Amino acid sequence: MTDASGLPNFSRRSLLASLAAAPALTVAAGPVAAQTATERWAEQAQAALKDAKGTKLVMLGTAAGPVPGRSRQMTSHVMLSNGAAYVLDCGLGVTNQYARTGIPFSALRSIFITHHHADHNIEYGPLLVIGWIQGLKTVRAYGPPPLKQMTEDFLRAYKTTIDFWAEDLKMKPLGMFDVGEVSAAGPVMQDDNVKVSAIIVQHPPVTPALGYRFDFHDRSIAFSGDTTPLDAVAQMAKGADVLVHEAMYVPAVEAYVRAQVAQGRPVSVEAFMAHMKADHSPVEDVGRIAEDAGVKTLVLSHLTPAIDSISDDTWRAPAAKTFKGEIVVAHDLMVL
Ligand SMILES: [Zn+2]
Ligand SMILES: [Zn+2]
């Protein structure tokens, strides 16, 4: 529910306000300029991955919420290690963003889902089907129940489509594969590149909602998933190189809901903010968790609200009060 809170209205208003206040050059920056920015990020990502030594993390989508039409895509990531790709979360946009990295679909080995909100899972099935056409080999998926049932149901729903392509292109049809359901903290999987473990995080009413830690040979990367500030996340991320944590900028969320109330939306500011705080992490708390965990780098992502008018410095400052390591404000297609 939280993720469906209607933040795009605020986003659009802010964008219009910032455009109105901007000089002529910026006003001209429409979809064409946005496309160029995406292409530029894609080129940088491809270059960084081509020369990569060791494990790399690509932030594919960095926005909170199932809101289409923004410059940031919904949440997804890919980690590339020894030529094998591991996708975490499949918000809308994951397939295009994955393709933009230049990582071949044949490299995709495993998919992990943190929880069953649409901004984390809605493009899980399409990634499989498009990936299959583009050369996906054996894949495994992990996530909360009922992921197995969801996978079977999706493949059944798209059987006709899959069969047409299989017949036409003489391909082996995309069939059911191993799905590991994760409903408790502990080890999830291990292969020759990585050991993955999960924790239960707090994101009511979604249960279970997961955080993950990926221990590669050369790097450890932890993900909070969607959660309130939680000591369990700090414990999971202890000593990791990178913690990717969701982040909410409370003053902007409050401004949004006040504007909504002023327009007649039947909700109280206090009730709405209590609801947001029961599900998500204010960015100042995220700094404390990163400091407790002792990570080298904190990546702020799943940004709420995901609007371009909040500067990186504005995002970074509240976390920097308590966290003394490196703080990165995630952007789509950023390679870390
Ligand atoms: Zn979310
Ligand atoms: Zn969520």
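The values are calculated or read from the model by the stated rules, or taken from the named source; none is laboratory data. Computed from a predicted structure; not experimentally measured. Virtual Cβ from ideal backbone geometry, glycine too; neighbours counted across all protein chains shown. Calculation scope for accessible area: heavy atoms of the full protein, side chains included, ligands and nucleic acids excluded. Shrake-Rupley method; radii C 1.70, N 1.55, O 1.52, S 1.80 Å.
Considering only residues in the range 66-80 that are open to solvent by 10 Å² or more (accessible area, probe 1.4 Å) and assigned to a loop (DSSP other than H, G, I, E, B), the one that is nearest to ligand 2 (Cβ to nearest atom) turns out to be PRO66. If we keep just the residues of the range 260-270 that are among the aliphatic types (A, V, I, L, M) and modelled with pLDDT of 90 or more, which is least open to solvent (accessible area, probe 1.4 Å)? Of everything passing the filter in the range 260-270, VAL269 is least open to solvent (accessible area, probe 1.4 Å).
Among LYS195, LYS172, which is in contact with a strand residue (DSSP E or B) (Cβ under 7 Å, 6 or more places away or on another chain) and either surrounded by 13 or more Cβ atoms within 10 Å (Cβ to Cβ) or free of Cβ contacts under 8 Å to residues at least 24 places away in the same chain (or both)? Don't jump to the end; show me each part of the working.
On the way: LYS172 fails: in contact with a strand residue (DSSP E or B) (Cβ under 7 Å, 6 or more places away or on another chain).
When all the criteria are applied, what remains is LYS195.
Restricted to the range 113-164, and to residues there that are part of a loop (DSSP other than H, G, I, E, B), of a type in the set (A, V, I, L, M) and within 16 Å of ligand 2 (Cβ to nearest atom), the residue that is surrounded by the fewest Cβ atoms within 10 Å (Cβ to Cβ) is ILE122.
Each residue in the range 38-65 was checked for being open to solvent by 50 Å² or more (accessible area, probe 1.4 Å) and either within 16 Å of ligand 1 (Cβ to nearest atom) or more than 30 Å from SER309 (Cβ to Cβ) (or both), and 3 of them qualify.
Is it the case, given these coordinates, that ALA240 is surrounded by 19 or more Cβ atoms within 10 Å (Cβ to Cβ) and not in a loop (DSSP other than H, G, I, E, B)? Taking the combined requirement at face value, the residue does not satisfy it. Count of the range 263-307 residues, restricted to those that are under 12 Å from GLU246 (Cβ atoms) and either outside any helix (DSSP H, G or I) or polar (S, T, N, Q) (or both), is 12. Hey, among the residues in the range 100-112 that are within 20 Å of GLN46 (Cα to Cα) and touching a helix residue (DSSP H, G or I) at 6+ places or on another chain (Cβ under 8 Å), which one's farthest from ligand 2 (Cβ to nearest atom)? If we take residues in the range 100-112 being within 20 Å of GLN46 (Cα to Cα) and touching a helix residue (DSSP H, G or I) at 6+ places or on another chain (Cβ under 8 Å), then GLY102 is farthest from ligand 2 (Cβ to nearest atom). Scanning the range 217-237 for residues that are hydrophobic (A, V, I, L, M, F, W, C) and surrounded by fewer than 20 Cβ atoms within 10 Å (Cβ to Cβ) gives a single hit, ALA232. Take the conditions (1) open to solvent by 10 Å² or more (accessible area, probe 1.4 Å); (2) touching a residue at least 60 places away in the same chain (Cβ under 8 Å); MET248 misses just one of them, which is (1).
Do the conditions hold for PRO208, that is, is it within 16 Å of ligand 2 (Cβ to nearest atom) and open to solvent by 20 Å² or more (accessible area, probe 1.4 Å)? Quick ask: steps written out before the conclusion?
Details: within 16 Å of ligand 2 (Cβ to nearest atom): yes; open to solvent by 20 Å² or more (accessible area, probe 1.4 Å): yes.
Considered against the rule, which asks whether it is within 16 Å of ligand 2 (Cβ to nearest atom) and open to solvent by 20 Å² or more (accessible area, probe 1.4 Å), PRO208 comes out as yes.
Output the residues belonging to the range 157-215 that are closer than 27 Å to GLY54 by Cβ and either over 25 Å from the mean Cα position of the chain (by Cα) or aliphatic (A, V, I, L, M) (or both). Passing the criteria: VAL182, VAL188, MET189, VAL194, VAL196, ALA198, ILE199, LEU210. Residues in the range 228-245 that are touching a strand residue (DSSP E or B) at 6+ places or on another chain (Cβ under 7 Å), without any contact (Cβ under 8 Å) to a residue 60 or more places away in the chain and hydrophobic (A, V, I, L, M, F, W, C): 6 in all. So for the range 208-227 (the condition being free of Cβ contacts under 8 Å to residues at least 24 places away in the same chain and hydrophobic (A, V, I, L, M, F, W, C)), does at least one residue qualify? Checked the range 208-227: no residue is free of Cβ contacts under 8 Å to residues at least 24 places away in the same chain and hydrophobic (A, V, I, L, M, F, W, C).
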